[in-house]
Each structure stands twice: as structure tokens, then as C-alpha cells.
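Student: After the C-alpha cells below, expect a handful of questions from me.
Quick note: the coordinates plus some simple rules give every number you see, no bench work behind them. Please read all numbers here as calculations on a predicted model, not as lab measurements. So basically every Cβ, Gly included, is an ideal-geometry build from the backbone, and we count neighbours across all protein chains shown.
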Amino acid sequence: MDAIKIKKGLGRGLSSLIGDTKIEKNINKLKISDLIRNKYQPRKVFEQESLEELTNSIRERGIIQPIIVRKSAENSSKHEIIAGERRWLAAQNAGLHEVPVVITEADDLKSLEFAIVENVQRHDLNPIEEAEGYQRLIDEFSYDQEKVAKFIGKSRSHVSNCLRLLTLPNDVIKLIQSNKISQGHAKVLVGLDNASFVANKILEKKLSVRQSENLVRIFKTKKIFKKNAKDPNLRQLELSLVDKIGLNVSIKNNKNNTGTISFEYKDLDQLNNIIGVIKSNY
């Protein structure tokens, strides 16, 4: 079958990505059972209500935009979906036996790029799916963050912030995936030792992103205060020295019981007084 280079007509963003990719000229029809899921599909969660709406649309009007597929490397009798998995699922729900497809010669990298572009530009991915898609480009195809950003047409900081979400605890990641907390909330949690605890507080109190930021600020302040809290015995010793010499005294004791004593003086007379007190005790 003749092949052509498609420049337009396969959806916003996909046409520019396809560029020089060869796609068969004619639209084919394949059995639903002959299609398999894209192994590089970043999207794992399909919103049920949206899927039902698409199912009803397909039942009434059929599939308007063909599904993009490539021949499966693992099973020669199957074709792997590159773009259009949601249409494929909805077609099954609508009771269709065949679906329209166009066939491309895309390699693994192109397959992943297709899937990411289709989903990101249509805002179909949750933040974790988006981050995992970027991470696969980095891990499996040697992209760096700059190249990922250029490829998807977003800022490097956007890519970096997405990837940082993957450092969150698994229970928090699941909350993001299930849309129980937003990406804005998730950004607030990145880097926290108690991210799971704070996430549950956000849910429990139904906090906005701004309220969540304030909560995190309070926790950080308490953590600093706790970190800087001094042993009461050392504090009592400092006060007794202050009372004896009349100057501010600071005692820092390390875990191995080594440390420093600091005397604060404002002029040479006060320094001489400190020296005098020390000498008088030797």
C-alpha cells in the first residue's frame, strides 16, 4: 500500500510530531480484538464519566478520528495502539467489532512521544502519569529535562516540578492519581518529611492550596523551633553564668558531648571582666 508523509489532520500537536513518519495513505478497518494497548501509554486512569460520554457519542455517530496504530513487535497478528486508546475502549463499550485505523511505522521512541503529546495537549493525564511519561523519556531514551521541555512545548521548570512529584511517598502519589488532592496541593508537599501526614490533614480539613501552604509553613516553623530547642539543663547553666558575669552566654553541646561556650561582650572592659572571672577560678 502507498505511504505518504502526513503534515495535518491527526489532531493538534500530533501532526507536527508525525512530521516525516510514514503512514499508510488509506484508512483501514481492524477488528477490535486485533488491537493491543500501547506499552508506552502513560495514561493509566480513564475517567469513567468521560468514557461513558464518548461511548454514547461513538454509538450514535461512530468513530470520527481514526486510531493510530503500528504493527506489534511481539505479536505479528496484532497492531499496537499509539494514539486513541480511549476511543478503542469506548468502541468496545459501544459494541463495535471494528474500528478505523491508520498505520504508522513508528519505533518505540516515536510511540512514546505520540502517546505523551496526545495526552498532555488534551490534558488527559493526571500529574503523576505526566511525570512518569517524562521520566520514561529520560530513563529509556536519554532525554534530559531541557529536551523534554522543548519537545512538549512547556517550560523546563514545569517539567522539573512534575518530576519532583515522583519523589513523594506512595500513599500521597495514590491520592494525586485518584484526584483526591490537586497538583497544586502536591507541589506544597514535595520535600516534606511528613508529607503523608500533611496530605491527610489537607483532606481531613478540606484545605485550599493557600491554606495548605500556611499549614506547611507552621509545620516547618515548629520543626525549626524543635531543632533549635535547647536542653533545659544547659539553659539553666547559661542563666547562672549570665547572672555571675553579667553578659550573654551561649552553650552549644554536640551529640558526642563536645561543644563551645560563647561570651558576648561589647567593649574591652567587658572582655577583661570575662578573663578576670576565668582566671579567678583557676
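Student: Which order do the peptides 106-112, 209-215, 262-268 take when ranked by the mean count of other beta-carbon atoms within 10 Å per residue, highest first? Don't skip to the end; give the middle numbers.
Tutor: Values: 106-112: 17.9, 209-215: 15.3, 262-268: 11.3.
Top of the packing list down: 106-112, 209-215, 262-268.
Student: Hey, with R₀ at 41 Å, roughly what FRET efficiency would residue 270 and residue 217 work out to, going by the Cβ-Cβ distance, to 0.05?
Tutor: The value I calculate is 0.60.
Student: Let me know the shape class of region 66-176, please: from the alpha-carbon gyration tensor, a ≥ b ≥ c as square roots of the eigenvalues, rounded when a/c is under 1.5, otherwise prolate if a/b is greater than b/c, or oblate.
Tutor: Note, shape of region 66-176 comes out prolate.
Student: Ok, one more. At R0 = 35 Å, how high is the FRET efficiency between residue 279 and residue 236 if r is their beta carbon distance? Nearest 0.05 is fine.
Tutor: Values: r = 25 Å, r/R0 = 0.70.
My answer for the efficiency is 0.90.
Student: Between residue 193 and residue 98, how high is the FRET efficiency from 1/(1 + (r/R0)^6) when r is the Cβ-Cβ distance and R₀ = 45 Å? Nearest 0.05. Mind dumping the intermediate values first?
Tutor: Values: r = 54 Å, r/R0 = 1.20.
Calculated value: 0.25.
Student: Further question: Using amide H atoms built 1.01 Å from N in the peptide plane, name the residues 5+ places from residue 98, or on other chains, whose amide H lies under 5 Å from its own.
Tutor: Placed amide hydrogens put 32 under 5 Å from residue 98.
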